[in-house]
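Encoded as structure tokens, the structure appears first; notes follow it.
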Amino acid sequence: MTEVIKIAYLYEDLMNTYGDSGDVKILSFLLKEQGYDTEVDNISLGMEFNAFDYDFLFWGGGQDFEQSVVATDLQRHRQTIQNYIEADKPMLCICGGYQFLGKYYETSGGQTIQGLDILPFHTVYKADSRMIGDTEYKTEWGTVRAFENHSGRTYFDDKTVLKPFGEMVEGYGNNPDDKQEGMRYKNVIGSYSHGPILKNENVAKAIADRIVAAHKLRITATVK
């Protein structure tokens, strides 16, 4: 019987811009090559959710309106997501999903959208300076080429806790000043890269390997 790897796609119906769902499809393909089937659950508004039922969490990007809708629902999931992250389990968050792991997202009108405040960073919206175009940056897994389109500028509040996912070669990344792209904390990656990012096979395979490792641990714990 083929083992099933379980993936939770957080707010898939509201946060899936610029082909972010392609990341999950690519991972499903790579996991299939390793002999695993995948089961993907859309965790949306009003649904119950225990992160530890899953081997991987994915959170895509969304427009400001969709993010404001999600913000009214997500706080009830804070503890299970935080516990999952601290347990060193794999998670990939793109654009708006990335921003939600931080303290807050400040809009151009001065409205503050509360994040989960799990990780020490914040995002400020600058409507007059949109960051859009092709990107290239260097990571521990090699070069990444992708696409960004965001007005949110993300800043780390504690650089001793958070590390960038990559160092920019082309494009903006987190903001125009730091020349860094995304965030790494334990086994979590946050990124502004659409396209989808996992068209970069080096990153996709590295994440797939971490998902398989997490799956084996979950199955072992379940058997015990």
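Computed from the coordinates by the stated procedures, all read-outs in this text should not be read as laboratory data. Note that the structure is predicted; figures quoted are calculated from it, not measured. Cβ: placed from backbone, ideal geometry, glycine included. Neighbour counts: every protein chain shown.
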Review point. Please report, for the Cα atoms of the stretch 163-224, the Rg to one decimal and the Dmax as a whole number; what are they, in angstrom?
Key: 15.0, 49
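How much length is gained if the chain between V4 and E86 is pulled fully straight, taking 0.36 nm per residue apart and subtracting their Cα-Cα distance, in nm to one decimal? Provide the component values of the computation, followed by the final result.
Numbers: separation 82, 0.36 × 82 = 29.52 nm, distance 2.37 nm.
Extra length available between V4 and E86 comes to 27.2 nm.
Nearest 20 debye, what's the magnitude of the dipole of the chain about its Cα centre given +1 on Lys and Arg Cβ and -1 on Asp and Glu Cβ? Walk me through the numbers on the way to the answer.
Working: 23 positive and 33 negative charges, 100 e Å.
About 480 debye.
Would you calculate the convex hull of the Cα atoms in the stretch 22-176 and tell me its volume per residue in Å³? Before the final figure, lay out each step's value.
Working: hull volume 20.1 nm³, N = 155.
Here the figure is 130 Å³ per residue.
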Check your understanding: Could you give the alpha-carbon Rg of the stretch 1-69 over 2.2 N^0.38 Å, rounded to two decimals?
Key -> 1.18
Revision key, fill the gap. Proximal lysine pairs in the stretch 99-224, meaning Cα under 17 Å and 8 or more positions apart or interchain, come to 12
Practice item. Give a residue-ordered list of calculated ³J(HN,Hα) values for the stretch 46-59 (Karplus: 6.51 cos²θ - 1.76 cosθ + 1.60, θ = phi - 60°; whole Hz; x for Gly, Pro). Key: x, 8, 6, 7, 10, 4, 6, 7, 10, 9, 7, 10, 10, 9
Practice item. Please label the shape of the stretch 23-112 as rounded, prolate or oblate, based on the square roots a ≥ b ≥ c of the eigenvalues of the alpha-carbon gyration tensor (a/c under 1.5 means rounded; beyond that, a/b larger than b/c means prolate, else oblate). Key: prolate
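By per-residue mean of other Cβ atoms within 10 Å, what is the highest-first order of 107-113, 147-153, 27-33?
On the way: 107-113: 12.6, 147-153: 19.7, 27-33: 17.0.
Highest mean packing first, the order is 147-153, 27-33, 107-113.
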Exercise for review: Tell me which residues come under 5 Å, amide H to amide H, from V169 once H is placed; ignore anything under 5 positions away on its chain.
Suggested key: E136, Y137, K138
Point to revise | Quarter of the Cα convex hull surface for the stretch 55-107, i.e. its orientation-mean projected area (nm²) | key: 3.7 nm²
Study note, to complete from the structure: Working note, the stretch 71-162: Cα radius of gyration (Å, one decimal) and Dmax (Å, whole number) are 14.4, 39
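Can you give the FRET efficiency for D117 and F52, using 1/(1 + (r/R0)^6), R0 = 22 Å, r = Cβ-Cβ distance, to the nearest 0.05?
Details: r = 21 Å, r/R0 = 0.93.
Efficiency, rounded to the nearest 0.05: 0.60.
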